[in-house]
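Trainee: A single structure is presented below for examination.
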Amino acid sequence: MAIDLVPNFIRENYEIHEWKHAITILQGDFKNEWNELIDTLNRFRLRKSWLIVGGGRKSKIAEYFDENLLSKGWEEKSFDTKVMVDGVENISPTHQIDCYKNRVALEIEWNNKDPFFDRDLNNFRLLFDLRAISVGIIVTRCDELQDIFNGIGRGSSFGASTTHMSKLLPRIQGGSGGGCPILIFGIKKSLYNEDA
């Protein structure tokens, strides 16, 4: 199984799911991007100080992934997409990708409303069909983190209708990603660090 090819630390500290051979594609065709992603996941720790602060446009968790991947040459990416049918041009807008490099698209969904998963998966499906991406990756949180949020008095900020693993898996299993190879990493409790 391809998940066995993922380094032990990542397998122990992230819940991992893949569809349509995403790991094999990344390791075979996008080795550099794969190694950069693994390095970023290896160094990540879920800091209490990041959880006790209020919201904003972007969480500290999303900022961590953005900063680490952008420093390695990834970019926030928008695509100008159109579909031509019988000489009629139809604009086919897509959503901006959080982190993109060399046909690999990554979204960080830490604590958004769960319909953001629909947006991400539809985006992956369309961009894959248009041959703009080869793999889509989502980093989110495991359901088990709710115990930590409750324990630090932030449970109501991370409600059942926000982005977490049990909201994502049924969407992918139902085919929302279309033909796009997809890889999911869910942040587990074991990465929690009481730095505050």
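The values are calculated or read from the model by the stated rules, or taken from the named source; none is laboratory data. Because the structure is predicted, anything quoted here is derived from the model rather than measured. Cβ sites come from the backbone with ideal geometry, for glycine too, and all protein chains shown count toward neighbours.
Trainee: May I ask you to say which residue of Asn111, Asn123, Asn102 is polar (S, T, N, Q) and surrounded by fewer than 18 Cβ atoms within 10 Å (Cβ to Cβ)?
Mentor: Numbers: Asn111 fails: surrounded by fewer than 18 Cβ atoms within 10 Å (Cβ to Cβ); Asn123 fails: surrounded by fewer than 18 Cβ atoms within 10 Å (Cβ to Cβ).
So the residue among Asn111, Asn123, Asn102 that is polar (S, T, N, Q) and surrounded by fewer than 18 Cβ atoms within 10 Å (Cβ to Cβ) is Asn102.
Trainee: Which condition from (1) touching a helix residue (DSSP H, G or I) at 6+ places or on another chain (Cβ under 8 Å); (2) hydrophobic (A, V, I, L, M, F, W, C); (3) crowded, with 16+ Cβ neighbours inside 10 Å is the one that Ile25 breaks?
Mentor: The failed condition is (1).
Trainee: Would you point out which residue out of Ile148, Ile137 is in a helix (DSSP H, G or I), buried (at least 18 other Cβ atoms within 10 Å of the Cβ), touching a residue at least 24 places away in the same chain (Cβ under 8 Å) and in contact with a strand residue (DSSP E or B) (Cβ under 6 Å, 6 or more places away or on another chain)? Break it down stepwise before answering.
Mentor: On the way: Ile137 fails: in a helix (DSSP H, G or I).
Just a single option satisfies the conditions, and that option is Ile148.
Trainee: Here's another thing I want to ask about it. Being within 12 Å of the chain's Cα centre (by Cα) and crowded, with 20+ Cβ neighbours inside 10 Å is the requirement here; does Phe128 meet it? Spell out how you get there, then give the answer.
Mentor: Values: within 12 Å of the chain's Cα centre (by Cα): no; crowded, with 20+ Cβ neighbours inside 10 Å: yes.
In short, no.
Trainee: With respect to the numbered conditions (1) modelled with pLDDT of 95 or more; (2) in a strand (DSSP E or B); (3) of a type outside the set (S, T, N, Q); (4) more than 17 Å from Met165 (Cβ to Cβ), which one is the sole condition not fulfilled by Leu106?
Mentor: Condition (4) is where Leu106 drops out.
Trainee: Any idea which of Asn122, Asn90, Asn111 is in a helix (DSSP H, G or I), at pLDDT below 95 and not acidic (Asp, Glu)? Walk me through how you get there before you give the answer.
Mentor: Details: Asn90 fails: in a helix (DSSP H, G or I); Asn111 fails: in a helix (DSSP H, G or I).
The match here is Asn122.
Trainee: Any residue in the stretch 66-79 that is closer than 26 Å to Ser161 by Cβ, surrounded by 11 or more Cβ atoms within 10 Å (Cβ to Cβ) and of a type in the set (Ser, Thr, Tyr)?
Mentor: Taking every residue of the stretch 66-79 in turn, none turns out to be closer than 26 Å to Ser161 by Cβ, surrounded by 11 or more Cβ atoms within 10 Å (Cβ to Cβ) and of a type in the set (Ser, Thr, Tyr).
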